[in-house]
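Structure first, commentary second.
Just so it is clear, none of the values below were taken in a lab; they were calculated from the coordinates. Since we're looking at a predicted model, the values are computed, not measured. All Cβ positions, glycine included, derive from the backbone under ideal geometry; neighbour counts span all protein chains shown.
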Amino acid sequence: MFDLPNYLKTNRELVNRTLKGYVQHFCRSGRMRQPVEYALLGDGKRIRPILCIASSATVTEDYHIALPAACALEMIHTYSLIHDDLPALDNDEMRRGRPTCHVRFDEPTAILAGDALLNMAFELLTESALNLNTNRCMTAWVKVMACIAQASGCRGMIEGQARDLAFEGATISIEALKDMHALKTGALIQAAMSSGAILGEASEEQLACLDKYGQSIGLAFQVIDDILNIKGDPCIMGKAVGTDVTRAKNTYPALLGLAESERLARRLVERALQALDIFDNRADPLRFIAHYIIERNR
Ligand code: IPE
Ligand code: IPE
Ligand code: MG
Ligand code: MG
């Protein structure tokens, strides 16, 4: 029987160790090292890097090739959290079980730490590409860079964040909510799946299936984040709850109610599992992660 807790722990530790090494390599600045490490090496679940590794492992034995991309995704995700928590955005004071970056340091430092992490992600990706010596791998890395850049930018996370803020207090349709979630959270999760698959040299069919899994799981992840903002335990989650209602955010529970949102998350997980039908037990980590995403309490 596949041991998911052990799988998550082992990979989280691998990602944490690797991230630490990358910060030492890429961030020699005496001023920025501390805030960057504070945000990046905090107690995150590392779900995006783990999905990237698991996606790669579905199509290749040599899944460690995806580790730099996995870490770059975590850098971008952490930057997005630092900025998401700023007073000008969600104005949150707790993240990953401790004061947010701008509370622990100050706002200018938090803004720069976010900028540093975004830049670092692309330093890491480009250096990973340049360290390779076959054209085939170079092409794969360029595809991965394009995929991650697109998912993080105005065709992905940034646009989703802009809509999330613009929609505060507004009445929007379910379709508009779904698009916003798919952009602000889904895009990066989908990019984690695609990057792992591309680096594992997945076939077109494999890539399409892993991408489809990412699309469903990405949306389910944000639906659960919204549900946990209502009924989660802040001590376990390491961040405040009840804030979406206070800020009149558009969320699935706000539009559909809790029960219907939970049903939707389950349907999305079913869809994600169906997308894995073409794979043998090498996709088991992804199957178990799909269940974990809706059962999680943090
Ligand atoms: C929180 O992401 C923000 C969302 C995009 C929903 P995670 O729940 O992955 O946060 P960490 O990385 O574990 O702190
Ligand atoms: C965070 O969304 C999404 C990004 C940082 C891109 P939320 O604002 O809903 O997430 P939490 O609840 O602060 O973690
Ligand atoms: Mg937000
Ligand atoms: Mg937030």
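Per-structure values
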item: Label point distance in nm, Glu175-Glu201, each placed 7 Å from Cα along Cα→Cβ; result: 4.3 nm
item: Distant-in-sequence amide H partners of Met94 (H built 1.01 Å from N, under 5 Å); result: Thr100, Ala240
item: Dmax and Rg, reported as Rg then Dmax, of the stretch 159-250 (C-alpha, Å); result: 15.4, 46
item: Vicinal HN-Hα couplings computed from phi for the stretch 150-160 (Karplus, 6.51 cos²θ - 1.76 cosθ + 1.60; Hz; Gly/Pro x); result: 5, 5, 8, x, 6, 9, x, 4, 4, 5, x
item: Kirkwood hydrodynamic radius over Cα pairs of the stretch 1-45, then Stokes diffusion coefficient at 37 °C and 0.692 mPa s, in µm²/s; result: 281 µm²/s
item: Globularity ratio of the chain, using Cα Rg and 2.2 N^0.38 Å; result: 0.95
item: Of Ala265, Ala162, Ala192, the one that fluctuates the most in a GNM where the chain has Cα springs shorter than 10 Å; result: Ala162
item: GNM top mover of Thr246, Thr58, Thr109 - the chain, alpha-carbon springs below 10 Å; result: Thr246
item: Per-residue HN-Hα couplings for the stretch 198-215 [Karplus 6.51, -1.76, 1.60; θ = phi - 60°; Hz; x = Gly/Pro]; result: 4, 5, x, 6, 5, 6, 4, 5, 4, 4, 4, 5, 5, 5, 5, 4, x, 5
item: Sum of side-chain charges, Glu13 neighbourhood, beta-carbon under 14 Å (Lys, Arg +1; Asp, Glu -1); result: +4
item: 3J(HN,Hα) from dihedral phi, the stretch 173-179, Karplus parametrisation 6.51/-1.76/1.60, rounded to Hz, x for glycine, proline; result: 7, 4, 4, 5, 5, 4, 4
item: Calculated log₁₀ intensity ratio I(q)/I(0) where the Debye formula runs over C-alpha points of the stretch 1-91, q = 0.13, 0.18, 0.21, 0.23 Å⁻¹; result: -0.48, -0.84, -1.04, -1.17
item: Above-threshold pairs, the threshold being 25 Å between Cα atoms, out of Lys9/Lys249; Lys45/Lys231; Lys20/Lys231; Lys212/Lys249; Lys143/Lys249; result: Lys9/Lys249; Lys20/Lys231; Lys212/Lys249; Lys143/Lys249
item: Fluctuation leader among Glu204, Glu168, Glu270 - the chain, Gaussian network, Cα springs under 10 angstrom; result: Glu204
item: Normalised contact order of the chain, rounded percent, pairs of Cα under 8 Å and 6 or more residues apart; result: 21 percent
item: Estimated 222 nm signal from helices in the chain, with DSSP H stretches of n ≥ 4 weighted -39500 (n - 2.57), rounded to 500; result: -22500 deg cm²/dmol
